[in-house]
Amino acid sequence: MLQSISEFLTAAVGNSPLEWVAVLTGFACVWLAARESLLNFPVAIFSCALYIVVYRRSGLYSDSLLQVMFIALSLYGWYEWLYGGRGKTELPVSRTRLWEWAACAGFIVAFTIGFGYYLEHHTDATVPHWDSFTTAGSLAAQYLMTRKRVENWWLWILVDIIYVPVLWYKQLYPTSALYALYLGLATYGYLEWRKQLAVSN
């Protein structure tokens with residue numbers, strides 16, 4: 001019993017300092033995004049680079065790959081937020097288009113089934129389809145964020161709800177706690193962006 005408690009406490013303070021730095025910068029980038037700050041992109045790129053290592057060490061291969069995609073989307077989003085509006089102006093907050101919802105839904109279903117099958121049969125992944133679903137949902141949410149679609153926060157809330165128990169199961173306790181905090185930040189981000197949408201309309 002004492003050994004189990006000791007193992008839990010050891011994991012709870014983080015598998016490595018690397019995970020804690022990734023946690024803190026991850027929290028910072030989401031808070032900055034909720035505030036519509038361009039600084040969220042460089043901070044996100046740094047945090048994602050750290051999480052590539054953290055997730056690979058834990059066997060969450062899909063989530064490790066996701067960080068690479070996040071880095072690419074962050075570079076794209078950085079440009080879009082600066083010049084994606086009319087006449088190369090700053091991009092305003094807007095609603096998600098119907099075709100974007102359809103594309104995101106189709107992508108999430110196809111990726112979850114296809115990549116989940118690959119992970120299940122060709123890797124030692126322990127939660128292949130949940131891993132794939134959270135990856136697909138996160139990519140869809142990140143794309144909508146790069147376009148400043150207010151509903152990106154809805155997808156983040158859904159993904160965060162799933163991430164919390166999955167990461168806890170993988171004994172990434174600081175990161176699991178981070179995603180629990182993300183739930184609050186995503187709600188805050190949605191409310192803030194909705195205010196901006198009302199002002200711009």
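The values are calculated or read from the model by the stated rules, or taken from the named source; none is laboratory data. Bear in mind the structure is a predicted one, so any value in this text is a computation, not a measurement. Methodologically, a virtual Cβ is constructed for each residue, glycine included, from the backbone with ideal geometry; neighbour enumeration extends over all protein chains shown.
Matching residues to (1) modelled with pLDDT of 85 or more; (2) in a loop (DSSP other than H, G, I, E, B); (3) in contact with a Phe, Trp or Tyr (Cβ under 9 Å, 6 or more places away or on another chain); (4) closer than 22 Å to Y179 by Cα:
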{"site": "S4", "(1), (2), (3), (4)": "no, no, no, no"}
{"site": "E7", "(1), (2), (3), (4)": "no, no, no, yes"}
{"site": "L50", "(1), (2), (3), (4)": "yes, no, no, yes"}
{"site": "R56", "(1), (2), (3), (4)": "yes, no, no, yes"}
{"site": "D63", "(1), (2), (3), (4)": "no, no, yes, yes"}
{"site": "F70", "(1), (2), (3), (4)": "yes, no, yes, yes"}
{"site": "L75", "(1), (2), (3), (4)": "yes, no, yes, no"}
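Within the stretch 35-48, restricting attention to residues that are surrounded by fewer than 20 Cβ atoms within 10 Å (Cβ to Cβ) and either within 13 Å of the chain's Cα centre (by Cα) or among the acidic types (D, E) (or both), which residue is nearest to W130 (Cα to Cα)?
I45
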**Message:** Being out of contact with any Asp or Glu (no Cβ under 8 Å at 6 or more places or on another chain), crowded, with 21+ Cβ neighbours inside 10 Å and hydrophobic (A, V, I, L, M, F, W, C) is true for just one of A198, A186, A177, A141. Which residue is that?
**Reply:** A141
**Message:** Residues that are buried (at least 18 other Cβ atoms within 10 Å of the Cβ) and among the acidic types (D, E): does the stretch 54-65 have at least one?
**Reply:** yes
**Asked** In the stretch 10-21, is there at least one residue being in contact with a helix residue (DSSP H, G or I) (Cβ under 6 Å, 6 or more places away or on another chain), modelled with pLDDT under 95 and surrounded by fewer than 14 Cβ atoms within 10 Å (Cβ to Cβ)?
**Response** yes
**Message:** Taking the conditions exactly as written (at pLDDT 90 or above, touching a helix residue (DSSP H, G or I) at 6+ places or on another chain (Cβ under 7 Å), surrounded by 12 or more Cβ atoms within 10 Å (Cβ to Cβ) and not hydroxyl-bearing (S, T, Y)), does L82 satisfy them or not?
**Reply:** no
